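> Quick one: this structure, given as C-alpha cells, is what I'll be asking you about.
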Amino acid sequence: MKILIVDDDPRLRELVRLALERAGHAVITAGDGQQALTHAAREAPDLVVLDVGLPEMDGFETCRRIRTRSEVPILFLTARDDEIDRILGLELGADDYVTKPFSPRELVARVAAILKRTARGAVPARLERGRLSLDCHARHCRFGAADIALTATEFGLLAWLMQEPARLTPRAELVAALWGAQSAVSDRTLDSHLRNLRRKLAEAGCAEAVETVHGQGMRMGPCR
C-alpha cells in the first residue's frame, strides 16, 4: 500500500517512514499542508498520516481540502490530548487518530486496522436495503439516484450494519469491527462517525437509515 506521511518534524517523518516501510508499505512524505495536497492529488495514496499541528495550513484545513476531492483514509497525529480536537478531526472526515508521543508499533497497528477495514473482499460485493445500495468493491454508496460520498470509516460502519440489517448490533461490536477488539476508541468517536453518516444519508433523502435502540444497539431502518 502507498501511504503519505505529512509532518513538519523531519525526525518524526523519518521514524514513521522507516516503520511503515518495514511493514511493507511504500511511503511518500510531505513537510506541510501544501505539499500534502500536491502529493495527494498526484500520487493517489491509499492512506494519509496527517499531523494536526502543521505550520501555515494546519492538519484540519489540509484534511478539509483533501476531502473536497478524495475519500482516502486519513489518520491524524495530534499532540493536543483533549476530546474537542479529536472529535473535530473525526467530524472533518478523519478515520482515526494517534496521540503524540506514540510508538512506531502502535502507529503501524492503527494503519493496518484502517487498511484492513477498507480492503476489498471484507464484505459482499454488493449490499442493498430498500433504495440504499453499496458497491463494496468500488466503495460507492447510492440512495435512489443520489450518490453519497462517505469516508472509509463511514462506509465500513454502514456496510457492517447492512450485512444483517434487521439485527441489533451492540456499540461494542461496532467499535471492535471498525477499530479492533483492543481499541481504546471512545463512544464519542463512534457517535461522531454515526452523526456524520446519518447527516449524509439524510441529505440524500434517507433520513431514517440507522436506528438506535437505547441500551441495545443499532440496526438499519427501511431505507425507502
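> Which condition from (1) in contact with a His (Cβ under 9 Å, 6 or more places away or on another chain); (2) open to solvent by 30 Å² or more (accessible area, probe 1.4 Å); (3) among the small types (Gly, Ala, Ser) is the one that residue 41 breaks?
Residue 41 satisfies all of (1) in contact with a His (Cβ under 9 Å, 6 or more places away or on another chain); (2) open to solvent by 30 Å² or more (accessible area, probe 1.4 Å); (3) among the small types (Gly, Ala, Ser) except (1).
> Also: Given (1) in contact (Cβ under 8 Å) with a residue 24 or more places away in the chain; (2) farther than 20 Å from residue 212 by Cβ; (3) buried (at least 20 other Cβ atoms within 10 Å of the Cβ), identify the lone condition not met by residue 124.
Residue 124 satisfies every listed condition except (3).
> Also, I was wondering about something else. Residues that are modelled with pLDDT of 90 or more and open to solvent by less than 10 Å² (accessible area, probe 1.4 Å), at least 3 per element: which helices (runs of 4 or more DSSP H) completely within segment 151-224 meet that?
The helices (runs of 4 or more DSSP H) meeting that bar are 152-163, 187-203.
> Related question: Give the residue that is nearest to residue 46 (Cα to Cα), with candidates limited to residues of segment 129-146 that are in contact (Cβ under 8 Å) with a residue 24 or more places away in the chain and outside any loop (DSSP other than H, G, I, E, B). Give the derivation first.
Start the filter on segment 129-146 by keeping residues that are in contact (Cβ under 8 Å) with a residue 24 or more places away in the chain, which leaves 129-132, 134, 139, 143-144, 146.
So of that shortlist, the ones also outside any loop (DSSP other than H, G, I, E, B) come out as 129, 132, 134, 143, 146.
Values: 129: 28, 132: 26, 134: 20, 143: 26, 146: 25 Å.
Top of the filtered list is 134.
The values are calculated or read from the model by the stated rules, or taken from the named source; none is laboratory data. Values in this document were obtained by computation on a predicted structure and should not be read as measured data. With ideal geometry, Cβ positions are generated from the backbone for all residues, glycine too; neighbour counts draw on all protein chains shown. Quick note on the areas: whole protein, heavy atoms, side chains included, nothing else; ligands and nucleic acids left out. Shrake-Rupley method; radii C 1.70, N 1.55, O 1.52, S 1.80 Å.
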